[in-house]
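Just below is one structure, and these are the notes that go with it.
All of the numbers you see were taken from the coordinates with simple rules; none came from a lab. Keep in mind it's a predicted model, so treat the numbers as computed, not measured. Cβ atoms come from the backbone with ideal geometry, glycine included; neighbour counts cover every protein chain shown.
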Amino acid sequence: MLHLVNTIRLFAKILLVLKYRRSVFGILWSLASPLMLTLTTTVVFASILHLQFQDHILNVSVGMICWIYFNQIIFNSSSIYIQFENLIKKLPFPLFVLPLAVVLSSASDLLLYTICVLLNAFGSFKATGLLFSLLILLSLTIFATGTALYVSVISVFYRDFQWIISVIMQTVFFFTPIAYRIKDINEGLLKTMVMLNPLADYINAFINAILHNIYSAEGILYLFVVGTANLLIGIYVFVRNKNRIPIYL
């Protein structure tokens, strides 16, 4: 078990090193990139929805923690086996460690941005709200891990999928309540799509816990149930196809 943990940590470290290799600012891009995305999203949607910039940017920045975390996991896992194709062919090791390393590296990569956002929102939440928000992130991690498992496998057999998933995630962003609130949406197709989006539950719960001190044990339990169900699907897909992955690479 300890050997597997060390292997996951090693691959996570390799992923981070490869990401910022030959970069002048290095790990600082893990803060700059989310901040630019947050600022751009806030300016655009605050103008469209006629919202106060100062209030809206805090809402967006908190929601972006969950979104960027999940998006990075899915995008990076879609090419993880292809990225380490030569190593997989030459050195036998448990293939499931690669998607898990993606999850760990994504969490590490977003740590600096998360700390800055939480410090900025320090006066808005209580200790219990912070505790529940951490539980929400844990449930999101479980959900994202399951998604990473089957996305990484699908991309091996259908190489175009790593490009398709990028388009899908860009589309899903607009159906995720980060730049707007669910209660502000009129009944119709948009609200239906948002309600069908499982990420909406995680992000809405996270924003409510951090900024509004609104949370419930039942809500957290629901998120863990959804995340666990998705993880089981991911494990099933991986187990069914793990022996075929080296052949198709």
The simple spin-label model distance between Met195 and Ile164, using points 7 Å out along Cα→Cβ, in nm, is 2.9 nm
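Got a sec? How would Tyr81, Tyr158, Tyr20 order by Cβ neighbour count within 10 Å, fewest to most?
Details: Tyr81 21, Tyr158 11, Tyr20 15.
In increasing order of surrounding Cβ atoms, one gets Tyr158, Tyr20, Tyr81.
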With segment 34-119 reduced to its Cα atoms and the Debye formula applied, log10 I(q)/I(0) at q = 0.11, 0.14, 0.25 1/Å amounts to -0.43, -0.60, -1.14
Cross-link reach from Lys90 to lysines, straight Cα distance under 29 Å and at least 8 residues apart if same chain, gives Lys13, Lys19, Lys242
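What are the DSSP H helices in the chain that stretch 15 Å or more along their long axis, judged by alpha-carbon atoms, and whose average Kyte-Doolittle hydropathy comes to at least 0.0? List each step's numbers first, then the result.
Working: long enough: 2-20 (27 Å, 1.25); 29-49 (29 Å, 1.55); 53-77 (35 Å, 0.76); 97-109 (17 Å, 1.55); 127-157 (46 Å, 2.01); 161-174 (20 Å, 1.63); 198-211 (20 Å, 1.14); 217-241 (36 Å, 1.41).
Sorted by number, the helices that extend far enough and score high enough are 2-20, 29-49, 53-77, 97-109, 127-157, 161-174, 198-211, 217-241.
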Residues Arg244, Arg9 in order from fewest to most other beta-carbon atoms within 10 Å are Arg244, Arg9
For Ile247, the net charge from surrounding residues (Cβ-Cβ under 13 Å; K, R +1; D, E -1) works out to +2
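Between Lys183 and Tyr248, what is the FRET efficiency for a Förster distance of 51 Å, r being their Cβ-Cβ separation, to the nearest 0.05?
Efficiency computed from Cβ-Cβ geometry: 0.65.
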In terms of the charge dipole of the chain, which places +1 on Lys and Arg and -1 on Asp and Glu at the beta carbon, the residue among Ser139, Ser152, Met193 farthest towards the positive end is Ser152
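Just how large is the dipole of the chain about the Cα centre, in debye to the nearest 20, putting +1 at every Lys and Arg Cβ and -1 at every Asp and Glu Cβ? Let's see the in-between values first.
Working: 15 positive and 8 negative charges, 179 e Å.
Value, rounded to 20: 860 debye.
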Across the alpha-carbon set of segment 23-248, Rg over Rh with Rh taken as the Kirkwood radius works out to 0.98
Rounded to 0.05, the calculated FRET efficiency for the beta carbons of Asn213 and Gln52 at R₀ = 22 Å is 0.60
Relative to the compact-globule estimate 2.2 N^0.38 Å (N residues), the Cα gyration radius of segment 83-170 stands at a ratio of 1.41
Rg/Rh of segment 134-249 (Cα atoms, Kirkwood Rh), to two decimals, equals 1.04
